[in-house]
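Have a look at the structure below before the remarks.
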Amino acid sequence: MGSYLVHTTSKIASLAKSGRVAHARKLFDEMSHRDTVVWNTMITCYTHLNLYQQALLLFHQMTQFSNTKPDHYSFTATLSACAGSCKLQFGQNIHALVVVMGYCSSLPVNNALIDMYAKCLSPCSANAVFKETEFRNDVSWCSLLFAYVHANQLQVAQSVFDSMPNRVNIAWNTLIACHARHGSIRTCVELFKKMMAESCDEDQWTYSALMNASAESQQYYIGCMVHAVIAKKGWACAVEASNSILSFYAQIGSPADVVKMFESITTLTQVSWNAIIDAQMKIGDTHKALIAFQQAPERNVISWTSMMTGYVRNGNAEEAVDFFVNMVKSSLQPDDFSLGTVLHACSVMATLGHGKMIHSLAIIHGFHGYAYVGNGLVNMYAKCGDVDGSKQSFDDIMEKDLVSYNTMLIAYGLHGWGEKALKIYEEMLVSGLKPDKVTFISLLMTCSHLGLINQGRALFRSMNQIHGISPEIDHVTCMVDMLARGGYLEEAREMANTYRTRDMIVGSSEAVFGSCYTHGDILMGTELGGELKTLEPECEMSYVVLSNLYCASEKWKEAELVRKVMADHGVKKTPGCSWIEVKNKVTAFVAGNSLCVDKDDMSSVLYLLEYQLKNP
């Protein structure tokens, strides 16, 4: 029996390692007798292959439906699965079982518990386990440090780092990577210098973090210097370091360096191919990105998402949606980023039918409550005119962030629901989130379109006085537009003059100028129209509105003169455009365009409608 168990356990591990995990499980299920080692092997196989749900289900089966008791190997493997899948509640249940079964003194189990709580964003629980651990090693300290880093509690993380009896390479890398994510390149460089001073050996992860910091902070010269150090120290061939260099040049917008780096890499991984796809998309070469995508030996969700993001960024949202459909057909499960990207494409196209299908898919995979997907759903429904759908999606988000509230504010503002927009703003303040510049642009636009003058004035004052946000051109333009629309033309012009930069003058003057025609203020309108023609001679608005203003006051010669000057400067009026979605396809109509496929049919319908209106 003993030799049979050893042989079968070894075969299960071998099958799983070669990627045939289904065959390994079949062999496991066929066993008439299983000991703890066999159970541990199967659970560990699932964990190593990132099949966390299967690992947790198997552990549950082991503890509930078999006579086999888990040991410290069982607990460490299962806690790793909890950490990988962020199943905090399941991890807490296993913690209770650890206590009951007397494994509290096991260092590997305690380290696995600290790691689980760290990855499940529960640093206080990680710290509690750490304090209860009598004998600690470097893994214990590094896991606790990661717990606070992962939760973005940088001050506590720094104090943990300072208290470490032995600051090993991983600890330095963790702290450098943390500051790199926040774009704090100077802090990263200082930490790197201290690391060298303490004679701690750097590795490819250290350099990868420094390159990522350079990319996040858009520091081209520092990134080049780090690249030079990597080459000098002999780490250029290391996969992680070379991929981070490739990503740096892609993110910084240096296509020539991207191609040069890509061609120099000897071992191309999936990360390398994804980086070159992303780089080609960022420089707008969708064709070369597609070639790289097709040449990649393997394509994961990131590969497909990079293609979709690139197509949306380069104005081809329809192609992005097609790519998403093909990704799902290829049996790849979408994640929150791919769903968020395709929802952005649907919002650009304003295709409600496609958006609803993606929404259903998000619900099936359990991503509709994620902030990134939920925010995309709110935006998509708003752009497609379904405000109720936006609110429902907003309510479904489990942990709303600032983007969630800002997107909902914009949705209400676009559709004229001023009171509800202001109510959402109050809810946001109660939740403890601080408004940003986008928040106030959304609120001021809403007040402008709905004529909520007093509320707009109060919000504009509160920006600086309460929230410490200095007004920018968009905020001032919104205020000027709001005042001008409400007929407060002099106050609007005074505000425009208060913030006198060229861009401010142009944006504010255009807002007042448009309202001069509405309120019939010929004198101010002609004065502003003349200023705008001087500042922006190529802008059509100043000519068209000024001409209309002269026509309204029956100054026909002046109006004709403005039109002539407009023609002499080669300025043409942009034609109006409308679009409609029929059977999940969007058709655009441009004024004066005779290239529409169904032109004759639509002309007949319009003629019939016109006849019925005249002859009811």
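No value in this document is a laboratory result; all are computed from the given coordinates. Just so you know, these numbers come straight off a predicted model, no measurement behind them.
Quick look at the numbers
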| item | result |
| --- | --- |
| Volume per residue of the C-alpha convex hull in segment 181-277, rounded to whole Å³ | 89 |
| Shape category assigned to segment 83-136 from the gyration tensor of Cα positions, a/c cut at 1.5 | oblate |
| In order through segment 309-316: 3J(HN,Hα) via Karplus (6.51 cos²θ - 1.76 cosθ + 1.60), integer Hz, x for Gly, Pro | 4, x, 5, 5, 4, 9, x, 10 |
| Distance from segment 185-205 to segment 379-416 (C-alpha centre basis), Å | 44 |
| Cα-based Kirkwood hydrodynamic radius, segment 236-390, one decimal, Å | 16.1 |
| Cα-based shape type of segment 350-443, given that a ≥ b ≥ c are square roots of the gyration tensor eigenvalues and the cut on a/c is 1.5 | oblate |
| Inter-centroid distance (Cα atoms) of segment 107-146 relative to segment 44-102, Å | 17 |
| Cα-based shape type of segment 67-221, given that a ≥ b ≥ c are square roots of the gyration tensor eigenvalues and the cut on a/c is 1.5 | prolate |
| Size-normalised alpha-carbon gyration radius of segment 268-360, reference 2.2 N^0.38 Å | 1.02 |
| Equivalent-ellipsoid semi-axes of segment 29-95, from the Cα gyration tensor, Å, largest first | 19, 13, 10 |
